[in-house]
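Below: one structure, written as structure tokens.
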Amino acid sequence: VYPAATAVGDTKLITMLPGEGIGPECMEALVAVFEAAHVPVEFETYHIPEPEKGLPASVIDAVNRNRLVMKGPFHTPYGFKGTSINILLRRGFDLFANVVHVFPMPGVKAKYDDIDIVLVRENTEGEYSGLEHSAVDGVVESLKIVTEEHSLRIAEYAFRYAMRNNRKKVTCVHKANILKSADGLFLECARHVASKYPFIEFESMIVDATCMRMVSNPEQFDVVLLPNLYGNIVGSVATSLGGGTGLFPGANIGPSGAMFEQGVRHAGKGISGRGIANPTATILAGVMMLRYLKMFDFADFIQDAVMSVYQETDIRTPDMGGKATTKQFTAAVIEKMDAIMEELS
Amino acid sequence: HWRTLSTANTMRTVALIPGDGIGPEISDAVKKVLAAAGVPIQWEEYPISTKNVVPGQDLIPSNVLDSIRRLGYGIKGPLETPIGKGHKSLNLTLRQALGLYANVRPCRTIPGIQTKFPAVDVVIIRENTEGEYVGLEHEVVPGVVESLKVITRVASERVARFAFEFARQNKRRRVTAIHKASVLKLSDGMFLDCCRRIAAEYPDIEFKEALIELCSGYLISQPERYDVLVLTNLAGDIISDLAAGLVGGLGLTASLNKGEHTVLAEAVHGTAPDIAGKDLANPTALLLSAVLLLRDMGLQEHANRIEHAIYTVLREGQVRTRDLGGKALCSEYTQAIISKL
Ligand SMILES: Nc1ncnc2c1ncn2[C@@H]1O[C@H](COP(=O)(O)OP(=O)(O)OP(=O)(O)O)[C@@H](O)[C@H]1O
Ligand SMILES: Nc1ncnc2c1ncn2[C@@H]1O[C@H](COP(=O)(O)OP(=O)(O)OP(=O)(O)O)[C@@H](O)[C@H]1O
Ligand SMILES: [Mg+2]
Ligand SMILES: [Mg+2]
């Protein structure tokens with residue numbers, strides 16, 4: 001499906017899937033911030049009341065039309081036998097690269113001050129193939145699929161990302177001492193791509209050692225290239241070290257579209273509906289989307305406002321040790337935007 | 001059980017596999033400390049090594065396996081594993097051949113060792129025989145590789161039961177099953193089901209479950225959530241290294257492999273080729289593994305004395321190896337522990 005070219009000046013249409021748990025609250029915050037900034041985008045919002053039934057046709061149509069999604073989390077219950085909405089979206093629209101950036105948030109006391117890690121995670125295969133079966137009663141097999149095509153593609157993405165963003169090093173994470181063929185192929189593809197980028201340093205690291213080194217010396221990491229499941233785990237470690245899951249945004253990038261969401265996807269069922277979720281990661285995911293759309297001024301404007309709330313005030317949601325509600329935090333961001341505008345005029 | 005018939009003073013023989021890389025140095029430290037503490041153990045050494053692997057022959061000769069089985073107790077240094085190619089991991093082969101189905105990895109913040117993190121006190125119980133480590137992989141067509149993760153009810157229930165028994169015996173209050181059943185619905189789903197079922201038999205122990213990424217985040221920010229953790233093979237490997245990082249590194253964390261008839265102590269860390277042969281390794285991990293082994297053998301007093309000596313040296317902080325920011329050599333640190341005995 002090839003979307004019609006959008007004329008300059010047109011309002012960009014974005015499909016918004018607020019999701020479950022804290023998703024709707026965070027999305028509301030994002031919309032409020034975008035409106036206050038007069039960002040020329042318009043959200044088409046779809047609620048999916050029965051996620052266990054898969055993606056409704058209307059949502060598939062909308063995503064195909066807009067090719068841009070802002071998404072909240074969808075919770076997958078353990079007993080559920082179907083494929084989760086999260087995976088349907090990623091795989092269905094071939095959003096092969098999951099990018100999560102963990103950076104020093106000014107004013108936030110993180111475990112380390114100079115964490116600046118970009119995680120580039122393969123998003124379509126590996127352990128998430130969904131191929132499992134019971135061989136006989138009491139014996140289950142689960143397939144991890146690694147393909148050369150997808151491994152080369154994600155490695156290429158990681159190196160291009162590193163090059164375009166002036167990054168110095170790519171670390172490929174694997175467990176090829178045990179999964180010699182599967183992770184071995186992933187690693188081999190990464191090495192092959194690395195040889196085309198001699199100006200970017202390349203190293204490989206075993207996944208358990210990666211976790212150990214990340215908590216003891218995260219400064220050594222720059223761009224980190226990971227197979228699917230390790231990306232999930234290491235991503236959680238990195239965001240936790242950076243100050244919290246609620247802070248850092250993520251993007252899922254495909255050949256013809258992209259989807260943006262909180263970096264580490266949590267439904268936050270425990271706190272949902274209470275108006276105390278931290279919307280920072282979601283707002284910054286919106287900022288990532290604006291950069292993707294090359295609306296750099298709007299992106300910088302909103303990011304500056306969010307950062308100065310952290311740097312200059314002590315307005316924090318409970319996950320960051322404060323007492324502010326989602327709405328109060330959002331209002332603080334909007335207030336900062338007003339202040340920035342005032343300074344400019 | 002026949003083992004309980006022997007008394008604390010009978011001389012017993014334990015298999016010793018010094019291993020590759022820093023293995024021989026840290027094994028030497030173990031021998032010296034245990035000898036100085038008067039532990040009634042004599043060693044039977046087995047030079048298992050990646051260097052001794054002969055193509056076409058068994059990775060570990062069957063007579064060596066038989067000897068370890070006969071002795072029932074062993075301690076080993078790390079064995080090197082080729083990456084992406086070459087023979088299967090010897091560490092793994094040994095665990096599988098000896099039926100060492102549960103891997104116990106306590107991880108506790110040590111007084112005197114500064115960390116940036118809240119105090120950790122967890123025991124990781126890792127399923128040790130199946131999961132991603134079954135070694136079943138193949139190339140379906142060129143460029144497409146499948147790797148099998150195998151989970152069985154028998155192994156899952158066995159390790160779950162082990163975790164609950166461990167919790168009960170060690171006066172721990174809670175067992176948390178770590179999984180990724182949201183994606184691996186059948187495999188981790190079955191592991192989780194087994195844990196739930198076994199949990200019902202232990203009403204005195206609280207049972208919780210957590211997704212692996214939640215656990216890895218919370219171990220950093222709120223480790224007090226966790227007490228005993230039970231995990232599938234690869235998850236256990238990853239989480240135990242993470243936990244080791246939180247308490248000061250791989251040089252400090254102990255590990256004990258348990259089977260029906262055999263117990264094998266081994267450090268969590270690898271061969272550390274960068275520092276091998278330079279007398280720079282930190283032997284604490286293997287020493288604390290030996291302490292776990294002594295406890296398992298019923299040599300409580302010896303275990304306590306050695307552990308106390310190690311903790312004293314670490315707390316005082318005068319003599320420390322480089323990985324902990326000190327200047328001491330492995331041999332100097334070992335001597336410091338001996339002088340505390
Ligand atoms: N944007 C956010 N703002 C505040 N808290 C968040 C945010 N995202 C994630 N969290 C927190 O991260 C944790 C993980 O959320 P999730 O719902 O996935 O797990 P959970 O089942 O609620 O975990 P638990 O019950 O163990 O706390 C929760 O404590 C949640 O409150
Ligand atoms: N006992 C120790 N004393 C001092 N430093 C250690 C010790 N164990 C590990 N290290 C340090 O941590 C690093 C990583 O350890 P480890 O050898 O486990 O890595 P690895 O990549 O898993 O190696 P392997 O392939 O041998 O398993 C080492 O290179 C070394 O610098
Ligand atoms: Mg390991
Ligand atoms: Mg290792």
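What follows is calculated from the coordinates using simple rules that are stated; it is not laboratory data. Every value quoted in this text rests on a predicted model; they were computed, and no experiment measured them. Note: ideal-geometry Cβ built from the backbone for every residue, glycine included; neighbour counts use all protein chains shown.
Quick look at the values:
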| read-out | value |
| --- | --- |
| Alpha carbon centroid spacing (whole Å) that separates region A:119-146 from region B:55-118 | 26 |
| Sum of -39500 (n - 2.57) over DSSP H runs of 4+, divided by residues of chain A (222 nm, nearest 500) | -12500 deg cm²/dmol |
| Reachable aspartates and glutamates, given that their alpha-carbon falls under 19 Å from the alpha-carbon of A:LYS71 and they are not under 8 places away in the same chain | A:GLU20, A:GLU25, A:GLU28, A:GLU35, A:GLU42, A:GLU44, A:GLU50, A:GLU52, A:ASP61, A:ASP94, A:GLU122, A:GLU261 |
| Shielding by partners - mean other protein chain Cβ count within 10 Å, residues of A:203-214 | 6 |
| Quotient of Cα Rg and 2.2 N^0.38 Å for chain A, N being how many residues it contains | 0.99 |
| Most fluctuating residue given options A:THR239, A:THR313, A:THR15, as computed from a GNM of chain A linking Cα atoms under 10 Å | A:THR313 |
| Alpha-carbon Rg/Rh ratio, for region B:227-341, with Rh computed the Kirkwood way | 0.97 |
| Trypsin sites (Lys or Arg not before Pro) within region B:121-180, DSSP loop, no more than 13 other Cβ atoms inside 10 Å | B:LYS171, B:ARG173 |
| Farthest positive-ward along the protein assembly as shown dipole, Cα basis, beta-carbon charges - from A:VAL136, B:ALA290, B:LEU211 | B:ALA290 |
| Residues with amide H under 5 Å from that of B:ALA281, placed H, sequence gap 5 or more | B:CYS330 |
| Globularity ratio of region B:17-148, using Cα Rg and 2.2 N^0.38 Å | 1.30 |
| Long-range HN-HN contacts of B:GLU209 with modeled amide H, under 5 Å | B:ALA177 |
| Neighbour-count ranking [beta-carbon atoms within 10 angstrom, fewest first] of B:THR284, A:THR245 | A:THR245, B:THR284 |
| Note, ³J(HN,Hα) from phi for region B:199-206, Karplus 6.51, -1.76, 1.60, rounded to Hz, x at Gly and Pro | 4, 5, 7, 10, x, 6, 10, 6 |
| In order through region A:13-23: 3J(HN,Hα) via Karplus (6.51 cos²θ - 1.76 cosθ + 1.60), integer Hz, x for Gly, Pro | 9, 10, 7, 10, 10, x, x, 10, x, 7, x |
| Cα gyration tensor shape for region A:224-331, rounded if a/c is under 1.5, else prolate or oblate | oblate |
| Share antiparallel - DSSP beta bridges, the protein assembly as shown, percent rounded to 5 | 50 |
| For the protein assembly as shown, convex hull volume per residue from C-alpha positions, Å³ | 169 |
| Karplus 3J(HN,Hα) series, Hz, for region A:92-101 with 6.51 cos²θ - 1.76 cosθ + 1.60 (x for Gly, Pro) | x, 9, 6, 7, 7, 10, 9, 10, 10, 10 |
| Given charges at beta-carbon only (K, R positive; D, E negative), |dipole| of chain B in Debye | 740 |
| Prolate/oblate/rounded label for chain B (Cα gyration tensor, a/c 1.5) | rounded |
| Long-range HN-HN contacts of B:GLU44 with modeled amide H, under 5 Å | B:VAL14, B:ALA15, B:LEU16 |
| Cα-based Kirkwood hydrodynamic radius, region B:153-210, one decimal, Å | 11.3 |
| For region B:74-180, the Rg and Dmax computed from alpha carbons only, in angstrom | 17.4, 55 |
| Charge dipole of the protein assembly as shown about the Cα centre (unit charges at C-beta), most positive-ward option of A:ASN278, B:TYR202, B:LEU299 | B:LEU299 |
| Computed over region B:147-306, Kirkwood Rh from alpha-carbon pairs, angstrom | 17.1 |
| Globularity index of region A:160-301, i.e. its alpha-carbon radius of gyration over 2.2 N^0.38 Å | 1.16 |
| Candidates A:ARG291, A:ARG164, A:ARG213: whichever shows maximal mean-square fluctuation once chain A is modelled as a Gaussian network with Cα springs under 10 Å | A:ARG164 |
| Selected from B:GLY74, B:GLY86, B:GLY112 as most flexible by GNM, with chain B as the system and alpha-carbon contacts under 10 Å | B:GLY86 |
